[in-house]
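Asks: For reference, the structure I am asking about is given below.
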Protein chains: 2
Amino acid sequence: MVKLLVWEQLLNPVFVLMYKNILVYISCLLVVYSNAQTHPFLYLNKQEASTFLQATKTNESNSVFKQSFLETKKEVDEWVGKDVDVPFPIDPAGGYTHDKHKANYMLMFNAGILYNITGESKYALLVKNMLLKYAVLNPTLKKHPQATSPFAGHLFWQALNDANWMVYTGLAYDLVYPYLSGEERSKIEIGAFKPEVDYLTIDMKDWYDRLHNHSVWASAGIGIIGLASNNKDYVDMALYGSDKKGKVGFIAQMDNLFSPDGYYTEGPYYVRYAILPYMLFANALDKANPNMKIFEHRDNILQKALITCLQQTNSNGSFFPLNDALKEKDFTSNELVTAIDIARNKYGKDNGLLTVAKKQNRVTLDKGGLLISNELMTNKIENYFPYKTIESTDGVLGNEGGIGILRNGKGENLSSLVYKYASQGLGHGHFDRLSINVFDKGNEVLQDYGSARFIGIEQKYGGRYLPENTQYAAQTIAHNTIVQDETSHFGGDTELGQKYHANKLFSDYNKPNFQVIAAIEENAYKGTQLKRTLFFLDSVDGRKYIIDLFAANSNAAHQFDLPFHYNGQVVSTNFKYTTPKTLGTFGKHDGYEFLWKEAEAIKTNGIAQLTFLNKDKFYTVSTLTSDTTNVYLTKIGANDPSFNLRAETSIVFRKTKQSPIFLSVVEMHGFYDTKNEFSYDSYSNVKEIKVLQQDEKTTVFKIVLNKSSLLFAVSNNNFDEKSTHDVTVLSERIQWQGPYYYKKMKN
Amino acid sequence: MVKLLVWEQLLNPVFVLMYKNILVYISCLLVVYSNAQTHPFLYLNKQEASTFLQATKTNESNSVFKQSFLETKKEVDEWVGKDVDVPFPIDPAGGYTHDKHKANYMLMFNAGILYNITGESKYALLVKNMLLKYAVLNPTLKKHPQATSPFAGHLFWQALNDANWMVYTGLAYDLVYPYLSGEERSKIEIGAFKPEVDYLTIDMKDWYDRLHNHSVWASAGIGIIGLASNNKDYVDMALYGSDKKGKVGFIAQMDNLFSPDGYYTEGPYYVRYAILPYMLFANALDKANPNMKIFEHRDNILQKALITCLQQTNSNGSFFPLNDALKEKDFTSNELVTAIDIARNKYGKDNGLLTVAKKQNRVTLDKGGLLISNELMTNKIENYFPYKTIESTDGVLGNEGGIGILRNGKGENLSSLVYKYASQGLGHGHFDRLSINVFDKGNEVLQDYGSARFIGIEQKYGGRYLPENTQYAAQTIAHNTIVQDETSHFGGDTELGQKYHANKLFSDYNKPNFQVIAAIEENAYKGTQLKRTLFFLDSVDGRKYIIDLFAANSNAAHQFDLPFHYNGQVVSTNFKYTTPKTLGTFGKHDGYEFLWKEAEAIKTNGIAQLTFLNKDKFYTVSTLTSDTTNVYLTKIGANDPSFNLRAETSIVFRKTKQSPIFLSVVEMHGFYDTKNEFSYDSYSNVKEIKVLQQDEKTTVFKIVLNKSSLLFAVSNNNFDEKSTHDVTVLSERIQWQGPYYYKKMKN
């Protein structure tokens, strides 16, 4: 019914209420098409274009709009008057024909914009010639020769890229529509577009009719082409799926891929990618009929998605590498430029978005882009996006776990603790329940491998996800979370993982310099419950501390491994270890076979500490080892004959018992001033970690620092804020209300 | 006699000519001391200080002088009115007492400057109190408890740091001299300074009387204290060594540690460090008596040293890591700020230095600093230092080989090929004869390990050079040059290495986009001659190519290894290799024991190619393997139990024969646009490498590219520019004049 509610807004309410199910399609299409829209209208219109022309003539040297216009013009002008190649597709990603078709759709789109802004027909001619070439080429295409997945494309190795082509080529078509003769339009619609639309909606029907980012692109492509070519059938399929019933299609994708908070289930890297077709198609729908109020759909879900994905970036702008994610992507990527500029136009001025726009240092050549450009010139822009502690629920109803981001510090001293207790995240999800990542001073400190892929480099497996992506990067051992018996969560079965999600137990961010969050995972391993409670403390004797209480509770003894993928140079350890003369692997499967075992130690009491240096700051991981703990240092690189992986390092704590507790402190300290050759506070302050009580009801523990001691108690079975607790440990009685207790004492 | 020539300039020429040898010391000292200098005079004087006060009151928000003043003030103000600790020395580098004494001398120096600029006595009081504490402490000191070398210090673990203390504390003393009572001066001179001077010149006499950067610091320290305290004896020892005979001491250090071009034999990293005492002491001497014209000594050798060391930086400002060198040091280091500001004052305005000063973004609070600050505000500053192709000779007479830096491209596209055919470079020298390093786009592409050291981090071997520095970093295999029989040049014997140097054979930089240099090393291995000819070509079908012809000519068969330490991710190879299931080391000694052997291959014909990605650019090394060549891929990390080394990679070509030729092409190509997911020109253009003729007289070879072929001929025994050559290869006759021939042909 959701789809209908949207389309209803186009219609006379009385009429709809009477004949809703039957009449809605006819009526809405009447509204869109009978209004005889003057092209272009999907991205910009004639009137706006004349304003843009004025804006490009400004004398303001710091007009980003003008700069962006000049850059676009420079790129496009290189091709004006030339016979642009529209090659028969043969190469995989990164190869010539792949890159050429990719370049071509952007060229057509940009040339279309320039045609409208400048009024110069040479730009329209460029687009027309290319469109007509595609009109000849596309009907001849079959499945791409380099296709390796069932979701093959025609122009490209995968259908997704064909959908990209449709989005931009559809917009380009609208942009030059008035320049074309009726015959040319007909050639293009039948030759260039129809084969692509038919291929995706008929041959690739199963792929098209999905709730997945690829299908968002496909819906947007077909919808934009439909709007540009006044094709009711296409628009219907775009909005409601190939059967037009609304279980899939764009509206269902808006309804089902985000949580109510705007968290995108595939993770921030993928929403970066998906936000573009969402925004571009919504924008086109909105231009076609503002009464549809698509941007207000689901309580402004697209605005929430944008803000949520920006909160899920590190202070250097890179997206937190949850699930499949390339670390080099940041919020200056083209997708976010487009999304922010469209959002500005629809949702109004936002000082947070302006901080990002300033770093992007370019805008789209549309109304939002011009608004942003003007605001960048007239406002004082902060250096950083307004990062804050934020929890985002996962799942359509917001009840499938989520992502917690706990933050301390400001500006360049911002620290972020990312805690993932979400659902699987579809096919791009990793087996990383209850995993954490830590960022500090703009750098990854405890890292997630991200994905194994060199997108766009043909020599690297055609630019596709490398085999090592599933074999290593997605496996549990590649994450900062517990692995049982050297086997990934859910046995590495995505479908199984997709059935379950972790759950938050409690969180509290109300105390100054003290934050806490706890979550539980009960399905990753049958018969084992994993529970991780994280405290993030600031300004404890001048330092930041993460206290990590990770308990495994099983019905039998198992081997439990907890890795910390530290990013930096080893400075020192407080324990002795042996290093082998020849290196062997850390294990045989589930990602272990990619790790060299560089060192090992057995600790039976006290704490094991590793201090490392990341850029100019020291970090120490201190872990309680009072129950016998094996400690390993590993490095990625084994069984990687094509050198596809980066040689990253980890420290792994291993306990073999029924229900071990991993109690660790991640300490951020000091400063290495290489210019002046000074190091400050390069030593850990953690002296002792003690579990004082551990039973079904309560865990009580103490962290002894140089000057202070921190006493914690956590309830294990009652997380009610109103619950009261009373324990006596070491003849001290502790009483508290709610799920946890904390006290700092001077030594 | 050189020393005398300097001091002569102070004197009445007639007088000197009559009684030169006897009277010169007396006379010069008369000039310096009888002039009854008004303190302060060594760093700034009262009149200058009042100008500086005005400059700090400017409203110009971009005055670097003002900013630097405010930063200094902020740092010093934290200590005003406090009882600053002057602890009894117990810790090694990086420890509390080490860092405290280091901070103390800078604090005294800066407070002394602020006292003069602001006129506020609280700053002088701060300095006085600290000096008096040192006056109490220093007489009690013996050899530092953490001393591990024979060159122990008193305040610090090594004498060098004590010398650092003397330079700045001596300047601080001069700066507050007028504030002190006669009694206080006496306490300080006898208590704080004399024990240090005596210790260095008597106990550490052998160390003090050397031609070495440590001793430059010591001369400067003692000389500055001598000038500040009107102590003739100290100044004499500073200038002429403890016996005042001039074989050592500051003047001899100016005469013997630089080549006539200003190349400092220990390399750019060390001149960065040594330039500071050279400049500060010369400046003080110049203020004491400008007639001495110390800055003109040896044809402005200090100016040449400064310019030469700046030419030996990468475009990101980091010093080329020749010999022992930490890569994080760049030209924004404090030493270079001081050197550039003093040089500005003495040698006049220099637009090249201004580019560096702009990046330093701070100035010293002296006359040169103010001049630079004003010029930064009123001049258009280029983005890059005026880098150029430059050869610097090594050796006092300029006849001990040298360093060639071949450059192509401009600005951010600058590429630098660094070729080291110099002498050993004293104790910090590496066994790296004929080694090359390649930099491109600000990044290291073929790298030198630099030194193994974490300076200032106590946990890392007290911040000293790590054992792995001599065991690995200094060994030949750690460099991009030939290793014979897995043994370093000169058997790793520094004294032996110091006896010999390589020699340049020829070079030519007169053709556009074509540069060539050749050098020979005949002593690294007895009975083997190593000869390397490098061509650096730009704009060959749009790419840059380094052609590397490296010939070993021996009296017996040996195993020759040529590593290329490539910096980047493997993209592809054109050859098959095997990777082992367990990793073993590449060898047993001379640095080989630190390398894991990750892959190996045997090639018997054609070329072996490795393409790698460094940041956003592709590079391919193509090497002719027609005589049987073993190819290895290695990674650092074996036998490194404390994880002191970085896990860097190399490709090693091994040929076992009497006189092999290693003929390689280093190709810079393409671009990886991660934002837009495009890669351009990611494939090598090198199709074939062929040696057409190889005999005692001539080597003729051809590089076949996609579109062009490059024909080269090199003379092997006659490098005379006038020599004529005539060979016929493959029925083509080639005639040329001079040491080489080059022709580009279309395919």
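Asks: I'd like to know if region A:178-185 contains one or more residues that are in the same structural domain as A:Asn104 (by TED's automatic domain parsing) and within 20 Å of A:His101 (Cα to Cα). Give the steps one after another, and end with the answer.
Replies: Keep residues of region A:178-185 that are in the same structural domain as A:Asn104 (by TED's automatic domain parsing), which gives A:178-185.
Now drop any that are not within 20 Å of A:His101 (Cα to Cα), which leaves none.
No, every residue in region A:178-185 fails to be in the same structural domain as A:Asn104 (by TED's automatic domain parsing) and within 20 Å of A:His101 (Cα to Cα).
Asks: Can you tell me which residues in region A:158-194 are within 9 Å of A:Gly221 (Cβ to Cβ) and aromatic (Phe, Trp, Tyr)? First the steps, then the outcome.
Replies: Narrowing region A:158-194 to residues within 9 Å of A:Gly221 (Cβ to Cβ): A:162-170.
Scanning region A:158-194 gives A:Trp165, A:Tyr168.
Asks: Continuing with this model, one more query. For the structure I just gave you, tell me whether A:Pro467 is surrounded by fewer than 21 Cβ atoms within 10 Å (Cβ to Cβ), of a type outside the set (S, T, N, Q) and closer than 21 Å to A:Thr332 by Cα. Talk me through it step by step, then tell me what you get.
Replies: On the way: surrounded by fewer than 21 Cβ atoms within 10 Å (Cβ to Cβ): yes; of a type outside the set (S, T, N, Q): yes; closer than 21 Å to A:Thr332 by Cα: no.
Here the answer is no, as A:Pro467 does not meet what is asked.
Asks: Working only within region B:545-566, note down all residues that are closer than 22 Å to B:Leu633 by Cβ, touching a Leu at 6+ places or on another chain (Cβ under 7 Å) and not hydrophobic (A, V, I, L, M, F, W, C).
Replies: If the condition is that a residue be closer than 22 Å to B:Leu633 by Cβ, touching a Leu at 6+ places or on another chain (Cβ under 7 Å) and not hydrophobic (A, V, I, L, M, F, W, C), then B:Asp548, B:His565, B:Tyr566 are the ones that fit.
Asks: Now for a different question. Keeping to region B:135-153, report how many residues are of a type outside the set (A, V, I, L, M, F, W, C) and under 19 Å from B:Lys187 (Cα atoms).
Replies: Of all residues in region B:135-153, those of a type outside the set (A, V, I, L, M, F, W, C) come to B:138-140, B:142-146, B:148-150, B:153.
Imposing the further condition that a residue be under 19 Å from B:Lys187 (Cα atoms) reduces the set to B:138-140.
Here the count works out to 3.
Asks: So which residues in region A:295-319 are over 20 Å from A:Ile405 (Cα atoms) and surrounded by 24 or more Cβ atoms within 10 Å (Cβ to Cβ), if there are any at all?
Replies: Within region A:295-319, just A:Leu302 meets the criteria.
Asks: Within 14 Å of another protein chain (Cβ to nearest Cβ), crowded, with 24+ Cβ neighbours inside 10 Å and not basic (Lys, Arg): does that describe A:Leu322? Give the steps one after another, and end with the answer.
Replies: Working: within 14 Å of another protein chain (Cβ to nearest Cβ): no; crowded, with 24+ Cβ neighbours inside 10 Å: yes; not basic (Lys, Arg): yes.
Against the criterion (within 14 Å of another protein chain (Cβ to nearest Cβ), crowded, with 24+ Cβ neighbours inside 10 Å and not basic (Lys, Arg)), A:Leu322 does not qualify.
Asks: Additional query: Here is a list: B:Asn399, B:Asn374, B:Asn408. Which entry is at pLDDT 95 or above, more than 17 Å from B:Ile340 (Cα to Cα) and surrounded by fewer than 22 Cβ atoms within 10 Å (Cβ to Cβ)? Explain how you work it out, then say what you get.
Replies: Working: B:Asn374 fails: more than 17 Å from B:Ile340 (Cα to Cα); B:Asn408 fails: surrounded by fewer than 22 Cβ atoms within 10 Å (Cβ to Cβ).
The unique qualifying residue is B:Asn399.
Asks: Looking only at region A:445-464, filter to residues that are under 30 Å from A:Asp616 (Cα atoms) and not hydroxyl-bearing (Ser, Thr, Tyr); which one of those is surrounded by the fewest Cβ atoms within 10 Å (Cβ to Cβ)? Please lay out each step first, then the result.
Replies: Keep residues of region A:445-464 that are under 30 Å from A:Asp616 (Cα atoms), which gives A:445-454.
Still in the list and also not hydroxyl-bearing (Ser, Thr, Tyr): A:445-448, A:450, A:452-454.
Numbers: A:Val445: 26, A:Leu446: 26, A:Gln447: 25, A:Asp448: 25, A:Gly450: 25, A:Ala452: 26, A:Arg453: 21, A:Phe454: 26.
Checking each candidate, the answer is A:Arg453.
Asks: Name the residues in region A:599-615 that are of a type in the set (Lys, Arg) and within 12 Å of another protein chain (Cβ to nearest Cβ), would you?
Replies: Taking region A:599-615 as the starting set, the residues that turn out to be of a type in the set (Lys, Arg) are A:603, A:615.
Once the filter is applied, which keeps residues that are of a type in the set (Lys, Arg) and within 12 Å of another protein chain (Cβ to nearest Cβ), region A:599-615 yields only A:Lys615.
Asks: Here's another thing I want to ask about it. So which residues in region A:330-345 are within 14 Å of chain B (Cβ to nearest Cβ) and under 19 Å from A:Leu42 (Cβ atoms)? Spell out how you get there, then give the answer.
Replies: Here is the first cut: in region A:330-345, the residues within 14 Å of chain B (Cβ to nearest Cβ) are A:330-338.
Correct list: A:Asn334, A:Glu335, A:Val337, A:Thr338.
Asks: Also, I was wondering about something else. Output yes when any residue across region B:115-138 is closer than 26 Å to B:Asp243 by Cα and either modelled with pLDDT of 95 or more or out of contact with any helix residue (DSSP H, G or I) (no Cβ under 6 Å at 6 or more places or on another chain) (or both), and no when none is. Reasoning before the result, please.
Replies: So in region B:115-138, the residues closer than 26 Å to B:Asp243 by Cα come out as B:138.
Among the residues that remain, those that are also either modelled with pLDDT of 95 or more or out of contact with any helix residue (DSSP H, G or I) (no Cβ under 6 Å at 6 or more places or on another chain) (or both) are: B:138.
Within region B:115-138 (the criterion being closer than 26 Å to B:Asp243 by Cα and either modelled with pLDDT of 95 or more or out of contact with any helix residue (DSSP H, G or I) (no Cβ under 6 Å at 6 or more places or on another chain) (or both)), the answer is yes, since at least one residue qualifies.
Asks: Scan region A:377-389 for residues that are surrounded by 17 or more Cβ atoms within 10 Å (Cβ to Cβ) and either part of a helix (DSSP H, G or I) or without any contact (Cβ under 8 Å) to a residue 40 or more places away in the chain (or both) and jot them down.
Replies: none
Asks: Also: State which residue is farthest from A:Met668 (Cα to Cα) when the search covers only region A:584-598 and only residues that are surrounded by fewer than 21 Cβ atoms within 10 Å (Cβ to Cβ) and within 12 Å of chain B (Cβ to nearest Cβ). Let's see the steps before the verdict.
Replies: First pass over region A:584-598, keeping only residues surrounded by fewer than 21 Cβ atoms within 10 Å (Cβ to Cβ): A:584-585, A:587-589, A:593, A:597.
Filter once more, so that each one left must be within 12 Å of chain B (Cβ to nearest Cβ): A:584-585, A:588, A:593, A:597.
Values: A:Gly584: 32, A:Thr585: 31, A:Lys588: 34, A:Glu593: 31, A:Lys597: 26 Å.
In this case the residue turns out to be A:Lys588.
Asks: Further, regarding this structure: Being surrounded by fewer than 24 Cβ atoms within 10 Å (Cβ to Cβ), more than 16 Å from B:Ser423 (Cβ to Cβ), of a type in the set (Phe, Trp, Tyr) and in contact (Cβ under 8 Å) with a residue 12 or more places away in the chain is the requirement here; does B:Tyr472 meet it? Outline the logic, then answer.
Replies: Numbers: surrounded by fewer than 24 Cβ atoms within 10 Å (Cβ to Cβ): no; more than 16 Å from B:Ser423 (Cβ to Cβ): yes; of a type in the set (Phe, Trp, Tyr): yes; in contact (Cβ under 8 Å) with a residue 12 or more places away in the chain: yes.
Against the criterion (surrounded by fewer than 24 Cβ atoms within 10 Å (Cβ to Cβ), more than 16 Å from B:Ser423 (Cβ to Cβ), of a type in the set (Phe, Trp, Tyr) and in contact (Cβ under 8 Å) with a residue 12 or more places away in the chain), B:Tyr472 does not qualify.
Asks: Quick one: which residue in B:Phe719, B:Phe701 is over 35 Å from the mean Cα position of the chain (by Cα), within 18 Å of B:Val516 (Cα to Cα) and modelled with pLDDT of 95 or more?
Replies: Values: B:Phe719 fails: over 35 Å from the mean Cα position of the chain (by Cα).
Unique residue meeting the criteria: B:Phe701.
Asks: Against the definition (in contact with a Phe, Trp or Tyr (Cβ under 7 Å, 6 or more places away or on another chain) and within 14 Å of chain B (Cβ to nearest Cβ)), how does A:Ser451 come out, yes or no?
Replies: yes
Asks: Residues of region A:520-533 being over 18 Å from A:Thr698 (Cβ atoms), of a type outside the set (Val, Ile, Thr) and part of a strand (DSSP E or B), which ones? Spell out how you get there, then give the answer.
Replies: Step one: list which residues in region A:520-533 are over 18 Å from A:Thr698 (Cβ atoms), which gives A:521-528, A:530.
Add one more test, that the residue is of a type outside the set (Val, Ile, Thr), and what stays is A:521-527, A:530.
The answer is A:Glu521, A:Glu522, A:Asn523, A:Ala524, A:Tyr525, A:Leu530.
Asks: Does A:Asp508 count as closer than 11 Å to A:Asp590 by Cα and over 19 Å from the mean Cα position of the chain (by Cα)? Walk me through how you get there before you give the answer.
Replies: Details: closer than 11 Å to A:Asp590 by Cα: no; over 19 Å from the mean Cα position of the chain (by Cα): yes.
No, not satisfied.
Asks: I'd like to verify a number: residues in region B:182-240 that are under 29 Å from B:Gly427 (Cα atoms), touching a residue at least 60 places away in the same chain (Cβ under 8 Å) and not polar (S, T, N, Q), how many?
Replies: Count: 11.
Asks: Suppose we filter A:Lys133, A:Lys122, A:Lys142, A:Lys128 for residues that are under 14 Å from A:Ile90 (Cβ atoms) and assigned by TED's automatic domain parsing to the domain that holds A:Val84; which single one remains? Step through it out loud before you land on a result.
Replies: Values: A:Lys133 fails: under 14 Å from A:Ile90 (Cβ atoms); A:Lys122 fails: under 14 Å from A:Ile90 (Cβ atoms); A:Lys128 fails: under 14 Å from A:Ile90 (Cβ atoms).
Every option except A:Lys142 fails the conditions.
Asks: Applying the selection to region A:325-351, what residues are basic (Lys, Arg) and under 21 Å from A:Lys293 (Cβ atoms)? Break it down into steps so the answer makes sense when it comes.
Replies: Just the residues of region A:325-351 that are basic (Lys, Arg), to begin with: A:327, A:329, A:344, A:346, A:349.
Within region A:325-351, A:Arg344, A:Lys346, A:Lys349 qualify.
Asks: Does B:Phe618 qualify as being in contact (Cβ under 8 Å) with a residue 60 or more places away in the chain, among the hydrophobic types (A, V, I, L, M, F, W, C), crowded, with 23+ Cβ neighbours inside 10 Å and over 26 Å from B:Pro467 (Cα atoms)? Let's see the steps before the verdict.
Replies: Numbers: in contact (Cβ under 8 Å) with a residue 60 or more places away in the chain: yes; among the hydrophobic types (A, V, I, L, M, F, W, C): yes; crowded, with 23+ Cβ neighbours inside 10 Å: yes; over 26 Å from B:Pro467 (Cα atoms): yes.
Taking the combined requirement at face value, the residue satisfies it.
Asks: Let me ask another. Restricting to region A:668-723, name every residue that is among the small types (Gly, Ala, Ser), within 14 Å of another protein chain (Cβ to nearest Cβ) and part of a strand (DSSP E or B). Break it down into steps so the answer makes sense when it comes.
Replies: Step one: filter region A:668-723 for residues among the small types (Gly, Ala, Ser), giving A:670, A:679, A:682, A:684, A:708-709, A:713, A:715, A:723.
Those still in the list that are within 14 Å of another protein chain (Cβ to nearest Cβ) too: A:670, A:679, A:682, A:684.
Within region A:668-723, just A:Ser679 meets the criteria.
Asks: How many residues does region B:451-499 contain that are of a type in the set (Asp, Glu) and within 23 Å of B:Thr265 (Cβ to Cβ)? Explain how you work it out, then say what you get.
Replies: Keep residues of region B:451-499 that are of a type in the set (Asp, Glu), which gives B:458, B:468, B:485-486, B:493, B:495.
With within 23 Å of B:Thr265 (Cβ to Cβ) added as a condition, the list becomes B:493, B:495.
Within region B:451-499, residues that are of a type in the set (Asp, Glu) and within 23 Å of B:Thr265 (Cβ to Cβ) number 2.
Asks: Which one is surrounded by the most Cβ atoms within 10 Å (Cβ to Cβ), of the residues in region A:129-182 that are assigned to a loop (DSSP other than H, G, I, E, B) and charged (D, E, K, R)? Explain how you work it out, then say what you get.
Replies: Within region A:129-182, the subset assigned to a loop (DSSP other than H, G, I, E, B) is A:141-158, A:180-181.
Next cut, charged (D, E, K, R) only: A:142-143.
Numbers: A:Lys142: 11, A:Lys143: 13.
By that ranking, first place goes to A:Lys143.
Asks: Sticking with this one: Has region B:549-569 got at least one residue that is away from chain A (no Cβ under 13 Å), of a type in the set (D, E, K, R) and part of a strand (DSSP E or B)?
Replies: Yes: region B:549-569 contains one or more residues that are away from chain A (no Cβ under 13 Å), of a type in the set (D, E, K, R) and part of a strand (DSSP E or B).
Asks: Here is a follow-up. Can you tell me which of A:Thr72, A:Thr97 is under 30 Å from A:Lys380 (Cα atoms) and within 14 Å of chain B (Cβ to nearest Cβ)? Break it down into steps so the answer makes sense when it comes.
Replies: Working: A:Thr97 fails: under 30 Å from A:Lys380 (Cα atoms).
Within the list A:Thr72, A:Thr97, the selection yields A:Thr72.
The values are calculated or read from the model by the stated rules, or taken from the named source; none is laboratory data. Because the structure is a prediction, the values reported are computed rather than measured. Every residue, glycine as well, gets a Cβ built from its backbone with ideal geometry; the counts of neighbours run over all protein chains shown.
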